[in-house]
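Here is the structure we will look at, set down as structure tokens.
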Amino acid sequence: MSASRHTLHEGWRLRAVPGPQVPAEIAGRSVPATVPGSVHTDLLAAGLIPDPYLDDNETALTWIGRTDWVYETTVDRPPGDDDRVDLVCAGLDTVATITLNGTEVGRTANQHRGYRFDVGALLRPGANLLSVRFDSAYRYAEAQRDRLGDRPNAYPEPFNFIRKTACNFGWDWGPTVVTAGIWQEIGLHGWSTARLATVRPLVTMAGDTGRVELHVEVERAMAGPLVVRAAVGGADAEVTVGAGERTAVATLTVRDPARWWPIGYGDQPLYDLEVTLCAPDGRVLDGWSRRIGFRSVRLDTTPDAHGTPFTLHVNDVPVFVRGVNWIPDDAFPNRVTRDRLARRFAQAAGANINLLRIWGGGRYESDDFYQLADTLGLLVQQDFLFACAAYPEEEPLRGEVEAEAREQVTRLAGHPSLVLWTGNNENIWGWHDWDWQRPLAGRTWGRGYYLDLLPRVVGELDPTVPYWPGSPWSGREDIHPNDPAHGTMHIWDVWNDDDYTKYREYVPRFVAEFGYQAPPAYATLRRSISDEPLAHDSPGMTHHQKAIDGDRKLQRGLDAHLPEPADFDDWHYLTQLNQARAIALGVEHFRSHRPVCMGTIVWQLNDCWPVTSWSAIDGDGRRKPLWYALRRAYADRLLTVQPRDGGPALVAVNETARPWRAAATVTRRTLAGEPRAKTTVDLDVPAYSSVVLALPAELARPDEARRELLVAEAGESAERALWFFAEDRDIDWPAAEWDATVEPADGGQRVRVTARTVLRDLTLFPDRLDPSAEVDEALVTLLPGETATFTVTADAPLEPAALTARPVLRCVND
């Protein structure tokens, strides 16, 4: 191949442009810079700033985002006599001026695009000085705001006036760390005659036939004819790009390929698609490859008796989406390695999640992200990057938005995991309900992007993937965008204003956001917050709670459901438990209404730093009790007791391809385990469906509501379901009594707990003893005489007495 590529990741140094805001110890200093990377992480590595994730350090570092920065290195001209030598920048954050040997090469103002500059004429023999200056993102955004007129948004920051990760400017779960830097790969690309500028595979399935419509665009240094060759799955094709022409389309037909399926629905076979660009004499000029999967995807929104459905079909099978929202896994993206993503994806798959929605205030996720999703079968919904604000549609922003959208749709075409593009997060809803219209006074706010520009770009460049204008969105402008009967909805009156039992008042077609907060794991708190003593309202805890009135809302939830905490250990356990309870209640309710409701996307899977938030996995990667509750609520087969017609009913949900036939028993028991009434029913739940079974009056009506519960069981086919007739705070709990043993197990320790009394939501928190410790199960309710086994893994064995006592081993009635 005649092309040559040279990464430029070594030898960089970083310095601040002088200004009154730059601290004296940093002014005039040059420090080593990691590329790809960011200013914050370079200053941290040099020991010049404290860790912005610890205590309230972030507040002393806001000057970084208001400072201009310069990265410099020396580069050698690549050997050879290529027709072109390009400087290729995969990602610059954000307002950059690139110079080579003192000559300006180009300027950029979009973190979400890549750039290419012809620098052949500027490179000289020997060392060449390459400089990238980043102007303050704040200054740029505020200048655009002043020029175009302010627009409403959810936070007092100008993130909607710059094409940059919005949550860099802070969010109700994230720190304000306005970054700058060469955040993706940078290098020199030498080439001759022509190169592949874009390759866009449109992959479809019709019956047993797979089809790849391969759209190729070339950039030329010479005008002669070219040949494009492509091969996949035993099929190949060749097409000529005529002299002077820049585009070509090749079609490959693959007979009877193995279909790619979402996780839980089948396998994920992937095929190597290889593309080469050749000169007429056969010389290979450039190449491109990707692993693709053959599957069909469509979105069913055909109106029905209940309104407007929102049902995703993959390979003509309707998929109930068991999803989570995904935010950037770190505020500093160079820290998010492929291994870290693989751990997070394993956690998602382990909780029976089948879809990740990449939220619109973050980034277009990395190639590693999509490759892992393709391999695991995790579906992906990618938002275009607009969130919680009115966005101007004037230049230069409109041109940047279109260029960014074209680049990203082209880049991600052919990934079988990508099943939905979404125009924005909450902006159409905001225009309707958040008092935007008066302050906008007729100014643009993004409608033209979501309902015109972006659907045109997706329709032109990748019509194989559905597009939906917003999250939430009803499907029509004359229907409220957050109408539960139409399209997708977000439920935030729960958490903000109402108790989580209000989830049961909604029967949405698809709920794309709903969430409930809890603090991170204890070890995460202790690493990141130095408060002594640690308290829910101590200074560090308060700083790491970004939600408006977050503590008050947590307390409201505790007051409604759980006993009053006696100390911080109680508060920590009970708030984590209440989060798990809230989301499990919502998920099980929504799933019980399948097929009217065909998806839930919980806010949120992950965190970007240590914080009290809605996440199931905290900022240090530790699983909160919510993760275990999601694993149970998102199981393929779910047995749940739900209120119907004034009393409890048994609902069985079957999200598998096989009928679910089993004998189920429902028993009304006392807290002591004594049976008061019992019934047996035969479950016969067709594939991909749910069944509701009314319960007889003797089960539905307790003798003593504060001392009884329902236990529903279906053998090994599903986890048992419990229904308590009163809130925990009102139940006549006996003082918790149990026997516990600890013994070595493969790679850890096995903790067996046998209940002498009822133990409600028994949970182990081994990270309190060792930050490396993890446990395989949580939130287990035992009746007297029952035993639960927990497997604990840690870097070293844990003290058995500490492992089986408060505050490590907890239950509601301890």
Tell me which aspartates and glutamates have Cα within less than 14 Å of Lys553's Cα, excluding those fewer than 8 residues away on the same chain? Asp172, Asp493, Asp497, Asp498, Asp499, Asp537
Give me the percent relative contact order of the chain, please, defined on Cα pairs under 8 angstrom at least 6 residues apart. 9 percent
Need one value: the accessible area of Thr308 in square angstrom, 1.4 angstrom probe, rounded to the nearest 10. 20 Å²
Given 155-161, 72-78, the highest-first ranking by average Cβ count within 10 Å works out to 155-161, 72-78
Once the Cα atoms of helix 367-376 and of the chain are each reduced to a long axis, what angle between those two axes, in degrees from 0 to 90 to the nearest 10, is obtained? 40 degrees
How many angstrom separate the Cα center of the range 353-373 from the Cα center of the range 591-617? 15 Å
State the extension gain, in nm to one decimal, for the chain segment bounded by Ala697 and Asp746, taking 0.36 nm per residue of separation less the distance between their alpha-carbons. 12.8 nm
Calculate how steeply helix 397-412 sits against the longest principal axis of the alpha-carbon atoms of the chain, using the helix alpha-carbon long axis, and give the answer as 0 to 90 degrees to the nearest 10. 70 degrees
If the reach is capped at under 28 angstrom between alpha carbons, list the lysines near Lys546, excluding any in the same chain fewer than eight residues apart. Lys164, Lys502, Lys624
What length, rounded to one decimal in nm, is gained on full extension from Arg335 through to Arg246, with 0.36 nm per residue of separation minus their alpha-carbon distance? 28.2 nm
DSSP bridge orientation in the range 226-314 - percent antiparallel, rounded to nearest 5: 95 percent
Using the alpha-carbon atoms, what tilt in degrees (0 to 90, nearest 10) does helix 550-561 show relative to the longest principal axis of the chain? 30 degrees
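Could you work out how much longer the chain between Val17 and Leu722 gets when fully extended? Use 0.36 nm per residue separation minus the Cα distance between them, nm to one decimal. Present the calculation step by step, with values, prior to reporting the outcome.
Working: separation 705, 0.36 × 705 = 253.80 nm, distance 6.24 nm.
Taking 0.36 nm per residue and subtracting the Cα distance, the gain is 247.6 nm.
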The rounded separation in angstrom of the Cα centers of the range 210-288 and the range 430-477 is 33 Å
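Would you work out the relative contact order for the range 608-756, in percent, from Cα pairs under 8 angstrom that are 6 or more residues apart?
Once divided by the residue count of the range 608-756, the mean separation gives 18 percent.
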At a 1.4 Å probe, what is the % contribution of carbon and sulfur to the accessible area of the range 496-586? 50 percent
Mean-position separation - Cα centroids, the range 138-199 and the range 66-106, in angstrom: 18 Å
According to the Kirkwood expression over distinct Cα-Cα pairs, how big is the hydrodynamic radius of the range 196-303, in Å? 15.1 Å
Quick one: ranking Glu786, Glu185, Glu564 by accessible area, 1.4 Å probe, largest first, what do you get? Glu564, Glu185, Glu786
Heavy-atom accessible area per residue - the chain, 1.4 Å, Å²: 36 Å²
What value, in deg cm²/dmol to 500, does the helix sum -39500 (n - 2.57) over DSSP H runs of n ≥ 4 give at 222 nm once divided by the residues of the chain? -5000 deg cm²/dmol
State whether the range 549-683 is rounded, prolate or oblate according to the following rule on the C-alpha gyration tensor (a ≥ b ≥ c being the square roots of its eigenvalues): a/c under 1.5 gives rounded; otherwise a/b larger than b/c gives prolate, and the remaining case gives oblate. oblate
Principal axis lengths of the chain from Cα atoms, whole Å, largest first? 88, 67, 61
Whole-Hz ³J(HN,Hα) for each residue in the range 62-78, computed from phi via Karplus 6.51 cos²θ - 1.76 cosθ + 1.60 with θ = phi - 60°, x for glycine and proline: what do you get? 5, 4, 4, x, 10, 10, 8, 10, 10, 9, 9, 7, 10, 10, 9, 5, x
Normalised contact order of the range 552-645, rounded percent, pairs of Cα under 8 Å and 6 or more residues apart: 24 percent
Given H placed on each backbone N at 1.01 Å, which residues far from Asp286 in sequence or on other chains put an amide H within less than 5 Å of it? Leu277
For the range 612-624, 3J(HN,Hα) per residue [Karplus equation, 6.51 cos²θ - 1.76 cosθ + 1.60, θ = phi - 60°, Hz, x = Gly/Pro]: 6, 7, 8, 6, 8, 10, 7, x, 9, x, 8, 7, 7
What list of ³J(HN,Hα) couplings, whole Hz, do you get for the range 361-366 from phi and the Karplus terms 6.51, -1.76, 1.60, once you set θ to phi - 60° and write x for glycine and proline? x, x, 9, 6, 6, 6
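The values are calculated or read from the model by the stated rules, or taken from the named source; none is laboratory data. These figures come from a predicted structure and were not determined experimentally. With ideal geometry, Cβ positions are generated from the backbone for all residues, glycine too; neighbour counts draw on all protein chains shown. These area figures cover heavy atoms from the full protein model, side chains too; ligands, DNA and RNA do not enter into them. Shrake-Rupley method; radii C 1.70, N 1.55, O 1.52, S 1.80 Å.
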